[in-house]
Each structure stands twice: as C-alpha cells, then as structure tokens.
1. Determine which member of the set Asp19, Asp57 is acidic (Asp, Glu) and within 25 Å of Arg96 (Cβ to Cβ).
2. As an exercise: evaluate Lys214 against (1) open to solvent by 30 Å² or more (accessible area, probe 1.4 Å); (2) at pLDDT 95 or above; (3) farther than 20 Å from Ser150 by Cα and give the number of the one condition it does not meet.
3. Against the condition at pLDDT below 95 and surrounded by 15 or more Cβ atoms within 10 Å (Cβ to Cβ), how does Val201 come out, does it pass?
4. Among (1) open to solvent by less than 10 Å² (accessible area, probe 1.4 Å); (2) more than 28 Å from Ser217 (Cα to Cα), there is one condition Ile137 misses while meeting the rest; what is its number?
5. Counting only residues that are surrounded by fewer than 17 Cβ atoms within 10 Å (Cβ to Cβ), modelled with pLDDT under 95 and not in a loop (DSSP other than H, G, I, E, B), which one in segment 230-249 is nearest to the chain's Cα centre (by Cα)?
6. Looking at Arg177 and the list (1) more than 21 Å from Met155 (Cα to Cα); (2) basic (Lys, Arg); (3) open to solvent by 80 Å² or more (accessible area, probe 1.4 Å), which single condition is not satisfied?
7. Within segment 88-101, is there a residue that is surrounded by 13 or more Cβ atoms within 10 Å (Cβ to Cβ), among the hydroxyl-bearing types (Ser, Thr, Tyr), under 15 Å from the mean Cα position of the chain (by Cα) and modelled with pLDDT under 95?
8. Could you name every one of the strands (runs of 3 or more DSSP E) located completely within segment 1-61 that has at least 1 residues being over 19 Å from the mean Cα position of the chain (by Cα), free of Cβ contacts under 8 Å to residues at least 60 places away in the same chain and under 20 Å from Thr86 (Cβ atoms)?
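The values are calculated or read from the model by the stated rules, or taken from the named source; none is laboratory data. Because the structure is a prediction, the values reported are computed rather than measured. When we count neighbours, we look across all protein chains shown, and the Cβ atoms used for this are built from the backbone with ideal geometry, even at glycine. Side chains are part of the model used for accessible areas, which takes the heavy atoms of the whole protein and leaves out ligands, DNA and RNA. Shrake-Rupley method; radii C 1.70, N 1.55, O 1.52, S 1.80 Å.
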Amino acid sequence: MLEIMVNGCSGKMGQIVCDLVEQNENLVLKCGFDRNVTGEFAFPVFNRIEDIIEKPDVIIDFSVPIATFKILDYAVENHIPMVIATTGFTADEEKRIEEYSKQIPIFKSANMSYDIMIMKNLVQWLAPLLKDTDIEITETHHNRKIDSPSGTAQMLADSINHSLENKLHCEYNRHNRREKREKNEIGMNSIRGGNIVGEHVVQFFGEFETFELKHTSYSRNVFAEGALKAAHFLVKQSNGLYNMEDMFK
C-alpha cells in the first residue's frame, strides 16, 4: 500500500491526482498540501509545512516552482522521495533540484505522458537526418497556463539540440527582430486559448517538403496516471534524479 502526499492538491492537476489515488485500492491519500486551500477534502490538507504530521511514502508535486521548493525542503528533511511534475523552472532552479536529488530520490519530467517520451526520442533521432531543415516547435495550451514555452516544448527542443551537438539555439521572440531566420535556430511558438489540455507540433521545413510530428492530449488524466506510475517506480530507487526514460527502460 503506497501512501501519497499531493502538493498542489487544490489545483486542477492536483485534484485529478487525488481522485485517481482515492479510486485505487492499492494507494492511500495520506494528505495534501496547498498554499491556497479551497473547498472541502475527505483527507487532511495543510497550508503550512510545520502543521504536517503525516509522513507519506512519496510526494507528487503538481504546483508552481516556489511551492515545489517549499515542499522539497520538507521532503529532504524527512527523506521522502518526490515526483516533480511542475514546469517553469529557471536554469538555476534546475541545478538546485539536481543538488536536492543527492539527498533523496527525485523523479522529474516536464510531461508525464508515455507518448510524449516516444515523441522526444523520435525528434532526437530525426534531427540529424533532417539537419539541413528549419525546425519549428509550436505548443498550444489552455488560457490559464502560466509558463511559456511549455516545459514539454523546451524538452523537445533540448533533445533536438543535444542530438545536433548543441549547435542550435532557441528563438523565443521574433517580434523585435528585423532580419531573416537563422539556420541554427529552433523557433519556439506558444499559443494560449480556451481549455485545450495540450498540443505539441515539431516541424522540419525543407526546401520542397515538410516533415511534421504532432501530439495532442485530450485529458489531463494521462499526466496524473503517469505521475502515479512514477511514484511506484521512485520508491524503489536510491538517491538521484530520474525521468520518464529511466522508468520505461
């Protein structure tokens, strides 16, 4: 029986994770944590670290970066593995998470979808084959998403760049540029609107043809289910930083 704490339990993703945990007879929702506790819950929910009495087997974090680090301190102090599904971290914050992972097992992924992991591997394989094309990544999300580009779009771009010996750079804003597109850039485009869960398109534009990969999420449940699989995986691991590829090797 795996006992779980959900950080960000009042948010959309946090609520979905909580619902899936409560529906699973092999899981226990030990408690929730959220700086803005709204509504009624059938399990203990806290908004101050010092009030937490329960000690779960693992923490699942769907929140914002500032809240992630707040609960990370608690996780390290109590040596609790943590699944981080939050996005929008700066480069310095990413390095901080790596330092935390020397003290506890941490699973971190910008996207908890198995299909997205496949897409990541595909674009990494394709990029050297299509190295002379213009590469553009477009991501579309609901109008409440805060970070831009999405963590998934950045992950795809980083995978492409890694496979091309890090010779490219990401161009996030052409608005202030009055010049033609550079060959060594990855164009990053963000669209926000409505209630779309998430869509990512990677396009390789050649002179006479275009190769396109597209992934569309129709339900947030896929991310919550991925986070629960990650939790089962993580509690068996030693200290370190893990991701989707580690889980599905």
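1. Values: Asp19 fails: within 25 Å of Arg96 (Cβ to Cβ).
Only one candidate passes the filter, namely Asp57.
2. If we test Lys214 against (1) open to solvent by 30 Å² or more (accessible area, probe 1.4 Å); (2) at pLDDT 95 or above; (3) farther than 20 Å from Ser150 by Cα, just (3) comes out false.
3. Against the criterion (at pLDDT below 95 and surrounded by 15 or more Cβ atoms within 10 Å (Cβ to Cβ)), Val201 does not qualify.
4. It fails just one condition, (2).
5. Among residues in segment 230-249 that are surrounded by fewer than 17 Cβ atoms within 10 Å (Cβ to Cβ), modelled with pLDDT under 95 and not in a loop (DSSP other than H, G, I, E, B), the one nearest to the chain's Cα centre (by Cα) is Glu245.
6. (3)
7. Within segment 88-101, not a single residue is surrounded by 13 or more Cβ atoms within 10 Å (Cβ to Cβ), among the hydroxyl-bearing types (Ser, Thr, Tyr), under 15 Å from the mean Cα position of the chain (by Cα) and modelled with pLDDT under 95.
8. Values: elements: 2-7, 27-33, 58-61.
Result: 27-33.
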